[in-house]
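The values are calculated or read from the model by the stated rules, or taken from the named source; none is laboratory data. Computed from a predicted model, the values in this text were never measured in an experiment. As a convention, Cβ positions derive from the backbone with ideal geometry for all residues, glycine included, and neighbour counts pool all protein chains shown. For the accessible areas, the whole protein counts, side chains as well, though only heavy atoms, and no ligand, DNA or RNA atoms are used. Shrake-Rupley method; radii C 1.70, N 1.55, O 1.52, S 1.80 Å.
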Amino acid sequence: MEDKPKTLQEHAMYFGTMMGIFWIIKFSFLPMGFKIPLLQLLFIFMTMFVPILGYIYIRKYRERYCGGELSFMRGWVFSLYMYFFAALLTAAAHYVYFRFIDNGYLMGTYLEQMENLKSTLTGDLEASVDQLIRNLDIIASMSPLQLTLQLIFQNIFYGAILSLPTALLAMRRKKNS
């Protein structure tokens, strides 16, 4: 049987899996960061690194599998797929976390911190924190499946936005001889 070349989608699945593993590791630092503040800082830095990692992966795809050239459209579709597959893998970890591990810890901790903050504020800031607390109460009332769906759609949305500049930066045209 002949080996057929891998498609754009198969490469996006591979790099999306790598991105998804990165997101899962990053997410694990979020709840642990309430006990160890350095992990909260690491979570923030890893979140800021996501677009850079996306660019690194699309460049690897361009150089290894596209002969050094990549159109905007192909780069954009690759990047969209990559973020989509990363979001799917991460959603599985989110569901397991919220269904079996969290037991309200994450939202409870956020609510507790907001209540503590609210007691030190006055005026407009207090009203803003009140609104945030109401929003956190709504999020806390969601089921694990609802939270997971919310997070997957959020990740896909942000991935779609990040795909545009990533594809623009990664595209390369063939040089005329």
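Reported count of residues in the stretch 33-43, each being part of a helix (DSSP H, G or I) and surrounded by 14 or more Cβ atoms within 10 Å (Cβ to Cβ), is 4. Within the stretch 125-143, one or more residues are within 26 Å of the chain's Cα centre (by Cα), assigned to a loop (DSSP other than H, G, I, E, B) and loosely packed, with under 12 Cβ neighbours inside 10 Å.
Selection of first residues in the stretch 105-119 that are at pLDDT 90 or above and of second residues that are of a type in the set (Asp, Glu), restricted to Cβ pairs under 8 Å at least 6 apart or on distinct chains, gives the following pairs, ordered by first then second residue: Leu111/Asp137. Of the residues Thr120, Thr148, the single one that is under 22 Å from the mean Cα position of the chain (by Cα) and among the polar types (S, T, N, Q) is Thr148.
Cβ-Cβ distances below 6 Å connect the following pairs, each with a first residue in the stretch 4-33 that is in contact (Cβ under 8 Å) with a residue 60 or more places away in the chain, a second residue that is open to solvent by less than 70 Å² (accessible area, probe 1.4 Å) and of a type in the set (Val, Ile, Thr), and a separation of six or more residues or different chains: Gly20/Thr90; Trp23/Thr90; Ile24/Thr90.
Of all positions in the stretch 60-70, none carries a residue that is under 15 Å from the mean Cα position of the chain (by Cα) and assigned to a helix (DSSP H, G or I). The lone criterion from (1) within 30 Å of Gly104 (Cβ to Cβ); (2) open to solvent by 50 Å² or more (accessible area, probe 1.4 Å); (3) at pLDDT below 95 left unmet by Pro5 is number (1).
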